[in-house]
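The values are calculated or read from the model by the stated rules, or taken from the named source; none is laboratory data. Here the structure is a predicted model, which is why all the values come from computation and not from measurement. Cβ sites come from the backbone with ideal geometry, for glycine too, and all protein chains shown count toward neighbours.
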Amino acid sequence: MPLPWLVGGGLLVLLAGGLGAWWWRRRETAHAAVPQIELPLVTPTPLPEEEPAPTATVPPLPAAAQPPAPTAREPATMAALAPLVEIATVTFTRSMLNLRLGYTIHVTNRGGQPIRHLRLGGELVSGHKSAGDGGVPPEDALPASQVHEIEELAPGETCELKGQLTMPLAGVEPLMQGRVPLLVPLIRWRGTGEGTQPFSRTFVLGRLPEVIGTRLLPFRLDEQPQAYHDLGVKPLD
């Protein structure tokens, strides 16, 4: 065998052996365990303790103001709260000797306290020019005629009363309109009682006019005695 071939074959054997050793060493390196990265241990820092929130101190509520003590009512206030007298129905007749009035009235206690021993007197009078103040006789001229008595009238209570008032025809002083004598009846109520001041109320009686809203018409005394119809009453105070 020639020499060059031997030299070449030896070189090939050495080269193959070196490659095999290199490949074996690389394989072992590839199969080596992969190192694990250990995370550093972090020691938690304790949070500072929170201080309790300050408790709001609610000041005590002020005591409720006491209402002022009630004062005694003045006479004007008492008069304003006097019992209210209202006429509900009336009948009116004239005979040869007398005038006769039938009535139904309501009496209401408008005050804040009961009224005891209430006395209510009514009078039938005629208005005339010589009496002054529009023909209304002065209160002192009326006789004290007691026709009703209420034992007790509670605040806000209404009592119904019925009765008759008469007046002699000879005591009528007519109002003259030319030659025609006219009659203007007036109904006066006066009352007293425990728990109220003396009070009074006057109504005028007449015939209803044909035109609504105008004055009541007086009664003619030159006509025959009769029972009147279409009556109306209006308070003068």
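Within region 159-176, residues that are in contact (Cβ under 8 Å) with a residue 40 or more places away in the chain reach partners that are of a type in the set (Lys, Arg) and part of a strand (DSSP E or B) with beta carbons closer than 9 Å, at six or more positions or on different chains, in the pairs 164/100; 165/100; 166/100; 167/100; 169/94. Listed here are the strands (runs of 3 or more DSSP E) enclosed by region 145-237 that have at least 2 residues being of a type in the set (Lys, Arg) and either surrounded by 11 or more Cβ atoms within 10 Å (Cβ to Cβ) or touching a strand residue (DSSP E or B) at 6+ places or on another chain (Cβ under 8 Å) (or both): 185-194, 196-207. Under the condition of being at pLDDT below 70 and within 15 Å of residue 191 (Cα to Cα), the residues counted in region 112-152 number 7.
For region 185-214, which positions are among the charged types (D, E, K, R), within 39 Å of the chain's Cα centre (by Cα) and within 17 Å of residue 126 (Cα to Cα)?
Selection gives 188, 190, 201.
Return the total of residues in region 222-237 being over 32 Å from the mean Cα position of the chain (by Cα), farther than 17 Å from residue 103 by Cα and touching a residue at least 60 places away in the same chain (Cβ under 8 Å).
Final tally of qualifying residues: 2.
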